[in-house]
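Enquirer: Dropping a structure here in structure tokens format, bear with me for questions.
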Amino acid sequence: MKGIAMASSRQPARAPTASGEGAEIKNYVLGERIGQDELALIYRARHQTLDRDVHIHVLRRSGWIAVSRFQLAAKLGARVQHPHLLPVLDAGHDEQYGYYMVTPPVDAQRLQQLLEKGPLPPPQAIRIFAQIGQALDALHRQGIIHRDVQPENILVTSDGVAYLTGLSLAATADGPDL
């Protein structure tokens, strides 16, 4: 609960501009905004020191529940490693822009976007669901229940690799129920 108390005492942060380009968050320079999810705006970015591309998710809400959920997603994404879970490389708080988390750049579409184009071919659907099932098994082995498996939280690359995201509603034995 210590993180929650700290989160609520901070002033609401400003989100980067609509394009985000050129803004700096710690060691990262933001590029274009490439999307958003329930909690965050997502930008292409570059780590200045390591000279590598990343994606930065900047929390777009300031309430203690949103901050706590965002921090939980970052913590679990960094803790559980599996080829079909989108890993978290870094996370923190920037005085100007607020809470952020960093993931590797993945050139993928949300499963929801693919389904809007029509039904998936059965072999592709089976491959995606098998990969997501493996990711869920890895979470369950560590006592984590995802609780938000839906097409919006599954990324699929053009070569058929699927990644499970959206750990902000996850339940753990040692964590709060948010």
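Enquirer: With the cut-off at 19 Å, report for the chain the share of all Cα pairs above it, as a whole percent.
Expert: Tail of P(r) above 19 Å: 58 percent of Cα pairs.
Enquirer: Also, I was wondering about something else. Sort 138-150, 64-76 by packing, meaning the average of other beta carbons within 10 Å per residue, with the highest value first.
Expert: My ranking of the peptides, most packed first, is 64-76, 138-150.
Enquirer: Once the dipole of the stretch 62-113 is set up with Lys and Arg at +1 and Asp and Glu at -1 on Cβ about the Cα centre, which of Ala78, Met101, Ala91 lies farthest towards its positive end?
Expert: It is Ala78.
Enquirer: Over the alpha carbons of the stretch 97-178, what is the largest minus smallest coordinate on each principal axis, giving the biggest first in Å?
Expert: In descending order, the Cα extents are 40, 34, 20 Å.
Enquirer: Taking the simple approach of a point 7 Å from Cα along Cα-to-Cβ for both Asp37 and Asp174, what is their distance in nm?
Expert: Here the modelled spin labels are 2.3 nm apart.
Enquirer: OK, next. Please compute the length gained on full extension between Leu50 and Gln150, using 0.36 nm multiplied by the number of residues separating them and subtracting their Cα-Cα distance.
Expert: The span from Leu50 to Gln150 would gain 32.6 nm if fully extended.
Enquirer: Just want to confirm a number: the relative contact order over the stretch 43-148, from Cα pairs under 8 angstrom separated by 6+ residues, in percent. Display every interim value, and only then the final one.
Expert: On the way: 103 pairs, mean separation 24.8, N = 106.
With pairs under 8 Å counted, the relative contact order is 23 percent.
Enquirer: Based on Cβ point charges of +1 for Lys and Arg and -1 for Asp and Glu, what charge dipole magnitude is obtained for the stretch 50-159 about its Cα centre, in debye rounded to the nearest 20?
Expert: I would put it at about 400 debye.
Enquirer: Sticking with this one: Select from Ile42, Val156, Ala125 the residue farthest towards the positive end of the dipole of the chain; place +1 on Cβ of Lys and Arg, -1 on Cβ of Asp and Glu, and compute about the Cα centre.
Expert: Ranked along the dipole, the leading option is Ile42.
Enquirer: Please figure out what share of the DSSP beta bridges in the stretch 82-178 is antiparallel and state it in percent, rounded to the nearest 5.
Expert: 95 percent
Enquirer: As a test, work out the antiparallel percent of DSSP beta bridges whose residues both lie in the chain, rounded to the nearest 5.
Expert: Values: 33 of 34 bridges.
Around 95 percent antiparallel, to the nearest 5.
Enquirer: Which value in nm describes the separation of the simple spin-label points at Ala125 and Asp107, placed 7 Å from the Cα toward the beta carbon?
Expert: 2.8 nm
Enquirer: For Thr157 and Trp64, FRET efficiency with R0 = 30 Å and r from the beta-carbon atoms, rounded to 0.05?
Expert: Efficiency, from the Cβ-Cβ distance: 0.30.
Only the coordinates and a few stated rules stand behind these numbers; no lab work does. Values in this document were obtained by computation on a predicted structure and should not be read as measured data. Glycine also receives a Cβ, built like all others from the backbone with ideal geometry; neighbour counts cover every protein chain displayed.
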